[in-house]
Amino acid sequence: MTAQPVLKTDLVQTQRVKPCLVGSDLNRELNKDLSKELNKELKKSAQSKFSKAAARYNTHANVQKHAASDLFSLIKPDFNKNKLCVDLGAGPLVNTHTLQSMFASVIAMDLSLNMLQSSDLTTSKICADMDNLPLQANSVDVIYSNFAVQWSANFSALMQSLYSILKPGGQAYISAVVEGSLNEIKTAFAALDSNSHINTFNSELHINQSVQNAGFTINSAQKRIYTDEYTTPLKAIASIKAIGATTQNHTNTRQGLLTKSALQHVCNAYPLINNKACVSYHVVLLSLEKH
């Protein structure tokens, strides 16, 4: 019996690569084609910053690790034999190893080739943009995505795309950073100017509406607040750069680097709790199903 193809042949020449695996040469061709249909500057910025953060991501992604653990707890282990899972926004494959212990096959997908190459884990890897997924309809059993979907240029369209690629009865386990995140950093920079210095995030309402409009059944939706503590405001601000999360997904941003005095002004305005500089992430954990 011939297995159903997973990759779209109009985006990927599957005869040039192993099944479900895109080689580095093809990665570059794929990203070149995709870039024509995406917001080039924002996507390029995101890809560059995540690529630069690849080497230090594991050291600093503490909140992401907590969210991943909570997301794993939503997965029912009894029904996963012989299933194909896509780790969407896999980064340096920090969660892919765990997924391999739960599913028969795992594809790690990320916008950053450096992130994918930073891990020597043996698994199928695809360098591609989540906003133009190179996957066939009804080809995937499970989608796992931790701390990634907030970088989508169109969350509603992404949910429709994920619904399409899932097989009937397929599951999606997604953590999405939502409105209210990084408020401490936002407050500190507000003392400097009126420009935006952090990403804008979708509201919890928009997340839920997009999921339902795509056709998903919501088996579980949980709101969590994850917080990292730092000894100084400067370290707190640097923490989001260390995971590649400083790219703004909008155009109302301050241009140029901060002067030393401006940065000190921001640090002085940073709200402290018990003499600690906190960075908080508001996150929705979703367990979804396609019927």
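Return the long-range amide H neighbours of VAL106 (sequence gap of 5 or more, or a different chain), with a cut-off of under 5 Å between placed amide H atoms.
Those qualifying (amide H under 5 Å, at least 5 residues apart or on another chain) are CYS85, SER124.
Rolling a 1.4 Å sphere over the protein heavy atoms, what is the accessible area per residue of the range 103-230, to the nearest Å²?
For the range 103-230, the per-residue accessible area is 38 Å².
For ASN154 and LYS276 in one chain, what is 0.36 nm times their gap in residues minus the Cα-Cα distance, to one decimal in nm?
40.4 nm
Show the residues, 5+ positions off or on another chain, whose built amide H is closer than 5 Å to the amide H of ASN219.
The answer is SER287, LEU288, GLU289.
Mind computing the radius of gyration and Dmax over the alpha-carbon atoms of the range 190-239? Å is fine for both.
16.6, 45
Using each residue's phi in the range 190-207, evaluate 6.51 cos²θ - 1.76 cosθ + 1.60 at θ = phi - 60° and report the 3J(HN,Hα) Karplus result to the nearest Hz, with x for Gly and Pro.
Along the range 190-207, the couplings run 5, 6, 8, 6, 9, 6, 8, 10, 10, 5, 8, 10, 5, 6, 4, 5, 5, 4 Hz.
Taking R0 as 30 Å, what's the FRET efficiency between GLU179 and SER73 from their Cβ-Cβ distance, rounded to 0.05?
0.80
The values are calculated or read from the model by the stated rules, or taken from the named source; none is laboratory data. Predicted, not measured: the structure shown is a model, and the values here were computed from it. FYI the Cβ positions are ideal-geometry reconstructions off the backbone, even for glycines, and counts take in every protein chain you see. Note: areas computed on protein heavy atoms with side chains; ligands, DNA, RNA excluded. Shrake-Rupley method; radii C 1.70, N 1.55, O 1.52, S 1.80 Å.
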